[in-house]
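First up is the structure itself, then whatever we jot down about it.
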Amino acid sequence: MRTHALLSILLLCVLLLQARGGRQSQQMNQKQRPQEIKQCEKRPKIHLCTSPCTDHRECQANTICCSTFCGNICMNVL
């Protein structure tokens, strides 16, 4: 009887992991993790400090999110 109870609990845990996505969803989340925000290579103009960002995906094309004296901003890479 005790063995049946342990097997039932184990089966329930496996089913719950599959319902949540299990290991595959954890691996996908690691791949989708945002890139690290690095220091800007150039000193930005002061007007760029009005466009803060927390991730590269928030910036428009040809810009990246980088760290400056006024926080993280979207800055042109060209």
Per-peptide average of other Cβ atoms within 10 Å, ordering 64-72, 50-58, 35-43 highest first: 64-72, 50-58, 35-43
Length added when fully stretched, ILE37-HIS56, from 0.36 nm per residue minus Cα-Cα: 6.0 nm
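Every number in this text was worked out from the coordinates using simple rules, so none of it is lab data. From a predicted model like this one, the values you see are computed outputs, not experimental measurements. So basically every Cβ, Gly included, is an ideal-geometry build from the backbone, and we count neighbours across all protein chains shown.
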